[in-house]
Each structure stands twice: as C-alpha cells, then as structure tokens.
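Q: Shown below is the structure under consideration.
No value in this document is a laboratory result; all are computed from the given coordinates. Everything numeric in this text was worked out from a predicted model, so none of it was measured. Heads up, the Cβs are rebuilt from the backbone with ideal geometry, glycines too, and the neighbour counts pull from every protein chain shown.
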Amino acid sequence: DQQVKQNSPSLSVQEGRISILNCDYTNSMFDYFLWYKKYPAEGPTFLISISSIKDKNEDGRFTVFLNKSAKHLSLHIVPSQPGDSAVYFCAASRTGGGNKLTFGTGTQLKVEL
Amino acid sequence: ETGVTQTPRHLVMGMTNKKSLKCEQHLGHNAMYWYKQSAKKPLELMFVYSLEERVENNSVPSRFSPECPNSSHLFLHLHTLQPEDSALYLCASSPLPSAAGYTFGSGTRLTVV
C-alpha cells in the first residue's frame, strides 16, 4: 500500500514558466512533509519542507502548499530554470514514527529552453 | 560532497558472491538508514539504526545483513543475492529526533548477474 503518491512520472516545462509538482498521501497521521531533489548519479538532496500546522512555506523560487483536508501537497517552482531539471521526491513523516520518511515514486522534471 | 560517503559507487556481483556496501558520515548524526531505490518504485526503507542500535528491519530478506559498528559507519553485507535485488542502494543519516535533517549519500548502483 503506497502511502505517498506522485501520480505524474514526468513533467516538461519551458524555462521561465511555473513548474507544479503534485503529491498525495493517504496516512492522516503524517504531520511533516518534505521535497527532495535528485540529479542522476547523486543522492537526493533536501529542498523544502512544511509542517502540518502550516499551509504554505516559501524559500526563494520554491513554495510548498499543503491542503490537509485533501491530503495533497504541491511544489511550485517559479521561474523554472534548466538547472531545476531533476527527479523530485515527495516524502512524509509523522510524530512518534521515529525518523522514518515515506517517499513517493518521484516526478522527473525537465525544464526546456 | 554531501557529508555522507558511500562506496563503492558501482558494484556488479554474481548470485553466489559475498560483498559489502559501506557508508560513512561525519556530520555528527545519530541515526543512519539504508534505502533501496528500484526503477519506478518509491524509495523503500530497509533498515534504521538509532544510536548504533537497529530499530527497524522492514521485512528485508536475510540475504541483506546490516552492521553499524559506530555512529559514523554503516555497512550492508550482501550474500546470495537475486537479480531482482539489482537497484540503487542509498545510505542516509540524520540527527535525532528530527526526520527533517536527512542527508543522503550518492548511492551504490548494484547489479546482480
């Protein structure tokens, strides 16, 4: 049973436009959500996170939105740059769940010139 | 360099071989993890070590055997693997109790022939 789902395996966006990556979760106990970015031949690197007490967190060009009632979060990148081309993983954890992160399958973002 | 170093980067082994993957971190973290990434699947948590004690074994077959001799080193001993075990094996570490501070290594790309 996949508790974190990224239903779009790939996304293509033009440089300068907005990229929106989506993530859905099924476990209502999750209270902390993260986005990781992964380039080929490298491990995932932390990008941005959000606690369930918030509905938005912004860091430069990256904004994460959380809709708890819909169990949905999204990552917005604006403006998108060619260097943003990577696989983006959504992850979730819950208080009392140890330090475990549950990951989605990832979305391959390609930013085209 | 992310602070978590994994060796080797690539490994090809036969089904009767015995090999070990190594992970090293000098970030002062107290928790270490092994994840498996197969194509089109989410990152799957295999093992969690917290303060050098194994706190989670996620139904991983016994042909995978972890070892954590100290808080800076983590090994994954492999023996009699199957071709379906071919995957990217990622090590991560984090400070306790935060799940937010995961730092991943670059991974070992394992091919079982």
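Q: Based on a Kirkwood Rh over C-alpha pairs, give the Stokes-Einstein translational diffusion coefficient of chain A at 10 °C and viscosity 1.306 mPa s in µm²/s.
A: 113
Q: What shape does the range B:1-45 take by its C-alpha gyration tensor, where a ≥ b ≥ c are the square roots of the eigenvalues and a/c under 1.5 counts as rounded, a/b above b/c as prolate, and the rest as oblate? Present the calculation step by step, with values, prior to reporting the outcome.
A: Values: a/c = 2.17, a/b = 1.37, b/c = 1.58.
Note, shape of the range B:1-45 comes out oblate.
Q: Sequence-distant or interchain residues sharing an amide H contact under 5 Å with A:Thr105, placed H: which?
A: A:Gln6
Q: Starting at the first residue of the range B:64-78, write each ³J(HN,Hα) from the Karplus equation 6.51 cos²θ - 1.76 cosθ + 1.60 with θ = phi - 60°, in whole Hz, x for Gly and Pro.
A: With coefficients 6.51, -1.76 and 1.60, one gets 10, 10, x, 8, 10, x, 7, 6, 9, 10, 9, 10, 10, 8, 10 Hz.
Q: How big is the charge dipole of chain B about its Cα centre, in debye rounded to the nearest 20, if each Lys and Arg gets +1 on its Cβ and each Asp and Glu gets -1 on its Cβ?
A: That gives a dipole near 380 debye.
Q: For chain B, calculate the relative contact order in percent as a whole number, restricting contacts to Cα pairs under 8 Å that are 6 or more residues apart.
A: Working: 283 pairs, mean separation 42.1, N = 113.
Result for chain B is 37 percent.
Q: First select every other residue whose beta carbon is under 15 angstrom from the beta carbon of B:Ala31; then total the charges, Lys and Arg +1, Asp and Glu -1.
A: Numbers: positive: A:Lys100, B:Arg54; negative: B:Glu24, B:Glu52, B:Glu53, B:Glu56.
Combined, the nearby Lys, Arg, Asp and Glu give -2.
Q: Let me have the relative contact order for chain A, percent, based on Cα pairs under 8 Å that are six or more residues apart.
A: Answer for chain A is 37 percent.
Q: Here's a follow-up. Amide H neighbours of B:Arg63 under 5 Å, at least 5 residues apart or on other chains, H built in the peptide plane: list them.
A: Amide H neighbours of B:Arg63, under 5 Å, 5+ apart: none.
Q: With a 10 Å radius around each residue's Cβ, average the other Cβ atoms per peptide and rank B:59-68, B:31-40, A:21-30, highest first.
A: Working: B:59-68: 14.3, B:31-40: 19.5, A:21-30: 17.5.
Most protected by this proxy first, the peptides run B:31-40, A:21-30, B:59-68.
Q: Along the charge dipole of chain B, pointing to its positive end and built from +1/-1 on Cβ of Lys, Arg, Asp and Glu, which listed residue (B:Val112, B:Leu88, B:Val60) has its Cα farthest out?
A: Of the options given, the answer is B:Val112.
Q: Counting only pairs 8 or more residues apart or on different chains, how many lysine pairs in the range A:1-81 have their Cα atoms under 15 Å apart?
A: Lysine pairs meeting the criterion: 6.
Q: Then there is this: Using only the alpha carbons of chain B, determine the length spanned along each of the three principal axes and report them from longest to shortest in whole angstroms.
A: 38, 26, 25
Q: Next question, about the same structure. Express in nm, to one decimal, how much length is gained between A:Ser69 and A:Thr45 on full extension, taking 0.36 nm for each residue of separation and deducting their alpha carbon distance.
A: Details: separation 24, 0.36 × 24 = 8.64 nm, distance 2.80 nm.
That pair, A:Ser69 and A:Thr45, stretches by 5.8 nm at full extension.
Q: For the protein assembly as shown, list the cysteines whose Cβ sits under 4.7 Å from no other cysteine Cβ?
A: Singleton cysteines: B:Cys68.
Q: A further question follows. Which cross-chain or sequence-distant (5 or more) residues have an amide H under 5 Å from the amide H of B:Leu96, H modelled 1.01 Å from N in plane?
A: B:Asn30, B:Ala31
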